[in-house]
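The values are calculated or read from the model by the stated rules, or taken from the named source; none is laboratory data. What you see is a predicted model, and the numbers here were worked out from it, not measured in a lab. FYI the Cβ positions are ideal-geometry reconstructions off the backbone, even for glycines, and counts take in every protein chain you see. Surface accessibility is based on the protein's heavy atoms, side chains included, excluding ligands, DNA and RNA. Shrake-Rupley method; radii C 1.70, N 1.55, O 1.52, S 1.80 Å.
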Amino acid sequence: MFDKYDKFTVSKEFYNGYPLLSKTDSSGSKPALYFAVSNRSAGKTTFFNGNCLHQFLKKRKKFLLLFRYKYQYQAAADSFFKNIGVLYFQGLEMEQELGVKGVFDRLYVTDGEQKIECGYATALPAADSLKQYSHLLSDVETILMDEVFPENDKYLKNEIDLFMSIHDSIARGVNQMSRYVQCILVGNLINIFNPYFDALGVVDTMQLSSHFVRGDGYVIEQTFNEISAQKHKENAFHRAFKDAAYTAASEEMRYINTNYDMIDQ
């Protein structure tokens, strides 16, 4: 219906998520979990937001935007679409409507004359309530969670359990007890000691030099965008704060909240 508006492409200067999405896990199977981790401003959010809408327009694959807090998904359409709309989907707009209050919202793409539901938005604390309405989201094929690693290292209590609950609620749709749902988690180089990596059991063995870390059911990509780092170094604001630890989030290949004095080479 809206194919003519789809101009999604990958720029050489910015992040390309296709290599990550093409990887198999350690057993040679299709992973359920894809982690994209890099320095800031590399283009991860732009790629995965754009690709989600691209996959919907081409193949009608609906997506679920997952946030940490409920207040965040109230502006899901704007935060998701504002940048990619200008870059790749001019002529389209995204609208957001209430699905079930406090549980999820519906997302629509429109050209002003016609509109079609393309996905949903919810938050981790809605996990328990979402169980009752999982049939309404049974057509979700991709779960996308951006900013998965908060800079303040503050996660929700039992966050991994909440994440798993939402996945399982979505995955039991379409008359199946458990179907495949692609989960894409996007984050910056904040802290290697985070609950997601801990739950996967990779914290003690993962090396910063490893581009792709593959395990049973997951793939973690650690990458560094040199062009983005150089742009930050040239920026007057970052030159002024060049000695601040926070600068490392944009300019260095390191997890800024990780104490590397406690890790052997």
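Ranked by the mean number of other Cβ atoms within 10 Å of their residues, highest first, the peptides 60-68, 179-187 come out as 60-68, 179-187.
Given a Förster radius of 41 Å and the C-beta distance between SER178 and ALA240 as r, what FRET efficiency does 1/(1 + (r/R0)^6) yield to the nearest 0.05? E(calc), rounded to 0.05, equals 0.20. Report the net charge of residues surrounding ASN51, where surrounding means a beta-carbon distance below 12 angstrom and charges are Lys +1, Arg +1, Asp -1, Glu -1. Spelling it out: positives minus negatives among the neighbours equals +3. Across the protein chains, with a 1.4 Å probe defining accessible surface, the residues ILE256, ILE170 rank ILE256, ILE170 from largest area downward. Between GLU93 and ASP111, the simple spin-label model (points 7 angstrom out along Cα→Cβ) gives 1.5 nm.
A Förster radius of 35 Å combined with the Cβ-Cβ distance from MET1 to ASP168 puts the calculated FRET efficiency at roughly 0.65. Charges on Cβ only, +1 for Lys and Arg, -1 for Asp and Glu, centred on the Cα centroid of the range 146-223; of HIS167, ASN194, VAL148, which one is farthest towards the dipole's positive end? Looking along the dipole axis, the top candidate is HIS167. Sorting 110-119, 21-30 by their mean Cβ neighbour count within 10 Å, with the most densely packed peptide first, gives 110-119, 21-30.
With K and R counted +1 and D and E -1, the other residues having a Cβ less than 12 Å from that of LYS23 yield a net charge of 0. Annotation: extensible slack from SER26 through VAL203 equals 62.1 nm (criterion: 0.36 nm per residue apart, minus Cα-Cα distance). A DSSP coil position with no more than 15 other Cβ atoms inside 10 Å describes the following chymotrypsin sites (Phe, Trp or Tyr not before Pro) in the range 1-34: PHE14.
Using R0 = 41 Å, the C-beta based FRET efficiency linking GLU13 and GLN132 works out to 0.35. Taking 0.36 nm per residue of separation and subtracting the Cα-Cα distance, full extension of the segment from ASP161 to LYS101 would add 19.4 nm.
Relative to its residue count, the range 1-124 spans a Cα convex hull of 127 Å³ per residue.
Distance between the pseudo-spin-label points of HIS211 and GLN74 (7 Å out from Cα toward the beta carbon): 4.4 nm.
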